[in-house]
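Have a look at the structure below before the remarks.
The values are calculated or read from the model by the stated rules, or taken from the named source; none is laboratory data. Please read these numbers as outputs of a predicted model, since none were measured by experiment. In this analysis, Cβ positions are derived from the backbone assuming ideal geometry, glycine residues included, and neighbour counts consider all displayed protein chains. The accessibility values were calculated without ligands, DNA or RNA, using every heavy atom of the protein model including side chains. Shrake-Rupley method; radii C 1.70, N 1.55, O 1.52, S 1.80 Å.
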Amino acid sequence: MVAKDRCHAAQRMLSRPWCADAFLKDIIVQLVEKPHSVARLIVNFSGIKELYNDFRSKTTEPVKISKAIKDLAFAPQRYSSEAKVLARLVLTWDSCLAILTSVPTMRGPRSPEGAACLETLRFLDNEKMLQLGMLADSALELHRVVKDLDSDNFDEAEFPAELDLYKQILNKLFVDGLCLTVPGMTKLMLGYLQQPRSVLVADVAKTLGRSEERRVGKECRSRWAPYH
């Protein structure tokens, strides 16, 4: 098996489980894959990208990342790029949320861009935000595996051990629930949920975040159990 074949196969180790669960798939579609998703808008529209970076300059991010990062790095032709997209969504969540609330005013609520953002805002709730963090953690772990498999020095004999380690890590994170306590994207999203944010959705107020975020986290854990 050549390195390219290994990496291509590894990149699909999450796409199939995500597609098998409608709840998880809907989160990916709404925030990343659908036409005019927030990830696509920031990448494809220069004005929206500039606005995103302006929001970033005015926002205190929980983890400092380079200001040289100008968008969410979405590349639909590369499935593994979703690790970067999901991580940057979480790391710059306040700026992404600001884009979702600003575009309907800028472009109009009936424009394709504005309507897509309003649809996403209506879709979002506390559990889906937390699941976004968990999806980002799982994608980053897979990104580590793909990077190892893509190395010219990778020993084929280590392939079973690499996959076993990957499974063990996912089991610890999402079945045993360590993703709720160890540093990572899920932990960051729990931090966002501790500070409720009010947004306007077509002139209707909506609040994201609540004090019972840990209870929500315990409910979310069970959704991953069938995959490990």
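For the range 98-114, the candidate set comprises residues that are free of Cβ contacts under 8 Å to residues at least 60 places away in the same chain and of a type outside the set (S, T, N, Q); within that set, the residue that is surrounded by the fewest Cβ atoms within 10 Å (Cβ to Cβ) is Arg110. All of Leu72, Leu100 fail the test of being closer than 18 Å to Met129 by Cβ and assigned to a loop (DSSP other than H, G, I, E, B), apart from Leu72. Return the total of residues in the range 115-153 being touching a residue at least 40 places away in the same chain (Cβ under 8 Å), more than 19 Å from Glu33 (Cα to Cα) and not in a helix (DSSP H, G or I). Here the count works out to 3.
Could you tell me whether the range 202-214 includes any residue that is assigned to a helix (DSSP H, G or I), among the charged types (D, E, K, R), modelled with pLDDT under 95 and within 21 Å of Pro17 (Cα to Cα)? Let's see the steps before the verdict.
Within the range 202-214, the subset assigned to a helix (DSSP H, G or I) is 213-214.
Applying the additional criterion that residues be among the charged types (D, E, K, R) yields 213-214.
Remaining after also requiring modelled with pLDDT under 95: 213-214.
Okay, now just the ones that are also within 21 Å of Pro17 (Cα to Cα), so none.
No, there is no match, as no residue in the range 202-214 is assigned to a helix (DSSP H, G or I), among the charged types (D, E, K, R), modelled with pLDDT under 95 and within 21 Å of Pro17 (Cα to Cα).
Within the range 34-52, work out how many residues are open to solvent by 50 Å² or more (accessible area, probe 1.4 Å) and free of Cβ contacts under 8 Å to residues at least 60 places away in the same chain.
Of the residues in the range 34-52, the ones open to solvent by 50 Å² or more (accessible area, probe 1.4 Å) are 35-36, 40, 44-46, 49-50.
Add one more test, that the residue is free of Cβ contacts under 8 Å to residues at least 60 places away in the same chain, and what stays is 40, 44, 46, 49-50.
Number of matching residues: 5.
Applying the set (1) β-branched (Val, Ile, Thr); (2) part of a helix (DSSP H, G or I); (3) open to solvent by 30 Å² or more (accessible area, probe 1.4 Å) to Ile65 leaves exactly one unmet item: (2).
Which one is most open to solvent (accessible area, probe 1.4 Å), of the residues in the range 118-165 that are of a type in the set (S, T, N, Q) and more than 22 Å from Lys84 (Cβ to Cβ)? The residue in question is Asn153.
Just so you know, in the range 53-62 the residues that are of a type in the set (S, T, N, Q) and in a helix (DSSP H, G or I) include one that is least open to solvent (accessible area, probe 1.4 Å), and it is Asn53.
For His228, the conditions (1) at pLDDT 80 or above; (2) more than 19 Å from the chain's Cα centre (by Cα) are fulfilled apart from (1). Inside the range 154-186, residues that are closer than 14 Å to Glu141 by Cβ and either not in a loop (DSSP other than H, G, I, E, B) or not small (Gly, Ala, Ser) (or both) make up a count of 20.
Looking only at the range 179-215, how many residues end up being open to solvent by less than 70 Å² (accessible area, probe 1.4 Å) and either without any contact (Cβ under 8 Å) to a residue 40 or more places away in the chain or closer than 19 Å to Thr120 by Cβ (or both)? Working first, answer last.
Here is the first cut: in the range 179-215, the ones open to solvent by less than 70 Å² (accessible area, probe 1.4 Å) are 179-180, 182, 184-186, 188-193, 197, 199, 201-202, 206, 208-209, 213.
Now restrict to residues that are either without any contact (Cβ under 8 Å) to a residue 40 or more places away in the chain or closer than 19 Å to Thr120 by Cβ (or both): 182, 185, 189, 192-193, 197, 199, 201-202, 206, 208-209.
Counting residues in the range 179-215 that are open to solvent by less than 70 Å² (accessible area, probe 1.4 Å) and either without any contact (Cβ under 8 Å) to a residue 40 or more places away in the chain or closer than 19 Å to Thr120 by Cβ (or both) gives 12.
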